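The values are calculated or read from the model by the stated rules, or taken from the named source; none is laboratory data. Every value quoted in this text rests on a predicted model; they were computed, and no experiment measured them. No Cβ is skipped: glycine too gets one built from the backbone with ideal geometry, and neighbour counts run over all protein chains shown.
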Amino acid sequence: MPDWPHSPTHRLEGAGAYMVTAGAYQKKPLFRSPQRLHFLCASLLELAPRYGWNLEAWAVFPNHYHFVATTREQPARLPQFLGHLHTLTAKEINRQDRTPGRKVWFQYWDSRLTYERSYLARLNYVHCNAVRHGLAREPREYPWCSAGWFEREARGAFYWTVMRLRSDRVKVPDSYTVDPADVQ
């Protein structure tokens, strides 16, 4: 079946590791307060296991998020998981802003990670994304990502393998700019 030219193709081919990026509609910083970032992050962490996804890296920002997750099941539940996450978070911020029905989320992109080096580079990319966006000097300093958790919980050798990898050539849909004032 040919790809539809106006939206990302979702090829959920089998169990394994995936990277997901989702963006807010028109790249607006709708999650621009610490409370909203916390809500989005907590919702992601709560819903992922309900749908059979084990988060390995995550980072949420005022206008987008990234995560790397694995599933032992068929990944066909990813659209339901993200639909639930997007509906829950959109309804809540629309309630807070008194804008019922406003479109909050736009699209998401997913990629199956089939090579170990690709998987490790994307773990690095997600853990270090706040630094790339100028929101922290060290990955662990950004509270709405997994870098601090990863530093505390990962085995030393694995941690250093991931964090020393270069991820500047990783091709991820991340044309989002984030204003540091939006996360304070």
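Each residue in region 159-184 was checked for being in contact with a helix residue (DSSP H, G or I) (Cβ under 9 Å, 6 or more places away or on another chain) and at pLDDT 75 or above, and 8 of them qualify. P49 satisfies every condition listed in (1) over 24 Å from T177 (Cβ atoms); (2) surrounded by fewer than 14 Cβ atoms within 10 Å (Cβ to Cβ); (3) at pLDDT below 95; (4) not charged (D, E, K, R) except (3).
Here is the figure for region 114-147: residues that are more than 15 Å from the chain's Cα centre (by Cα) and touching a residue at least 60 places away in the same chain (Cβ under 8 Å) total 2. Looking at W149, W144, just one residue is surrounded by fewer than 19 Cβ atoms within 10 Å (Cβ to Cβ), at pLDDT 95 or above and farther than 15 Å from M19 by Cα, and that residue is W149.
Taking A59 as the residue in question, decide whether it is aliphatic (A, V, I, L, M) and either touching a strand residue (DSSP E or B) at 6+ places or on another chain (Cβ under 9 Å) or buried (at least 16 other Cβ atoms within 10 Å of the Cβ) (or both). Against the criterion (aliphatic (A, V, I, L, M) and either touching a strand residue (DSSP E or B) at 6+ places or on another chain (Cβ under 9 Å) or buried (at least 16 other Cβ atoms within 10 Å of the Cβ) (or both)), A59 qualifies. Please find, within region 63-99, the residue that is nearest to R50 (Cα to Cα) out of those that are modelled with pLDDT under 95 and surrounded by fewer than 16 Cβ atoms within 10 Å (Cβ to Cβ). Once the filter is applied, the top-ranked residue is Q80.
Filtered by the rule that a residue be touching a helix residue (DSSP H, G or I) at 6+ places or on another chain (Cβ under 6 Å) and over 10 Å from V60 (Cβ atoms), region 31-49 gives R32, L47.
The criterion of at least 3 residues that are aromatic (F, W, Y) is met by the following helices (runs of 4 or more DSSP H) wholly inside region 105-166: 156-164.
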